[in-house]
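The values are calculated or read from the model by the stated rules, or taken from the named source; none is laboratory data. Just so it is clear, the model here is predicted, and its values are computed rather than measured. FYI the Cβ positions are ideal-geometry reconstructions off the backbone, even for glycines, and counts take in every protein chain you see. Areas reflect the complete protein model, heavy atoms only, side chains present, ligands, DNA and RNA absent. Shrake-Rupley method; radii C 1.70, N 1.55, O 1.52, S 1.80 Å.
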Amino acid sequence: MLTLALSKGRIFDDTLPLLARGGITVAEDPEATRKLILPTNRPDLRVVLVRASDVPTYVRYGGADFGVAGLDVLLEADAALGGDGLYRPVDLGIARCRLSVATPQGFDYAHAVRQGARLRVATKYVHLAREHFAAKGVHVDLVKLYGSMELAPLIGLADAIVDLVSSGGTLKANGLVEVESIMDISARLIVNQAAFKTKTAALKPLVDGLRAAAASNASIPA
């Protein structure tokens with residue numbers, strides 16, 4: 001039995017078409033069930049639903065043989081846990097967005113990040129944010145939040161936020177503007193290194209199929 005770790009939402013929705021190209025379908029809709037383990041049309045493959053931030057942990061420690069996680073989640077997990085135990089064979093090119101800095105409209109960000117400045121930043125990406133601002137020579141006080149990030153600058157909890165941005169609509173609706181892009185983000189296929197060695201015959205065709213499906217996606221004009 002192979003176990004694929006996915007998170008609900010955009011990654012799950014974007015991964016389904018890639019699986020379908022390999023003839024794999026998930027038997028139940030995660031939004032219509034409370035089950036956390038979903039069967040597929042293949043008796044040797046199941047899907048486990050976990051929080052996005054937990055996908056690397058499940059794969060790293062063998063709770064799942066492979067999974068799909070955003071680059072943001074992977075880099076943050078690497079900083080906290082180290083990168084051992086994970087094989088990352090494919091950039092699936094799905095769930096594209098960017099990790100960015102945003103501030104309230106009218107905030108003088110350029111002046112605030114001058115050398116030697118100090119800034120209070122709200123984010124759940126504390127390691128990535130710290131590295132980014134350290135490279136700029138900016139001292140930051142980091143406030144770790146897990147949601148409703150846009151609220152922090154509006155109530156004086158932080159000067160800025162570091163969060164994922166796609167269309168920018170949520171920022172605009174809350175009076176914030178994107179002032180700096182830190183990195184482009186997309187979802188990666190990750191594989192437990194031990195599983196890839198012991199279950200090569202079963203895993204390799206799935207990895208190759210997802211790689212081919214991702215390459216096919218990339219060849220389709222936007």
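For the chain, relative contact order (Cα pairs under 8 Å, six or more residues apart, normalised by length) works out to 27 percent. The residues of region 1-116 expose on average 48 square angstrom of accessible surface per residue, using a 1.4 Å probe on protein heavy atoms.
Applying 0.36 nm per residue to the separation of A194 and L154 and subtracting their alpha-carbon distance, the gain on full extension is 9.7 nm.
Overall, the accessible surface of the chain at a probe of 1.4 angstrom is composed of carbon and sulfur to the extent of 53 percent. Within the chain, helices built from complete DSSP H runs that reach 24 Å or longer along their own axis (Cα positions) and carry a mean Kyte-Doolittle hydropathy of -0.5 or higher are 200-219. Modelled spin labels at H139 and T33, positioned 7 Å past Cα toward Cβ, are 5.4 nm from each other. A Cβ-based charge dipole, computed about the Cα centre of region 117-181 with Lys and Arg at +1 and Asp and Glu at -1, lands at about 140 debye.
Translational diffusion of region 119-206, estimated by Stokes-Einstein from the Kirkwood radius over alpha carbon pairs at 37 °C in a medium of 0.692 mPa s, is 213 µm² per second. Measuring between their Cα centroids, region 1-69 and region 136-172 lie 30 Å from each other.
About its Cα centre, the dipole of the chain is roughly 400 debye, where the only charges are +1 on Lys and Arg Cβ and -1 on Asp and Glu Cβ.
Sorting 34-42, 13-21, 157-165, 93-101 by their mean Cβ neighbour count within 10 Å, with the most densely packed peptide first, gives 157-165, 93-101, 13-21, 34-42. If the segment from R51 to K204 were pulled out straight at 0.36 nm per residue, it would be longer than the present Cα-Cα gap by 52.6 nm. The lysine pair tally for the chain, using Cα distances under 29 Å and a gap of 8 or more places or different chains, is 16.
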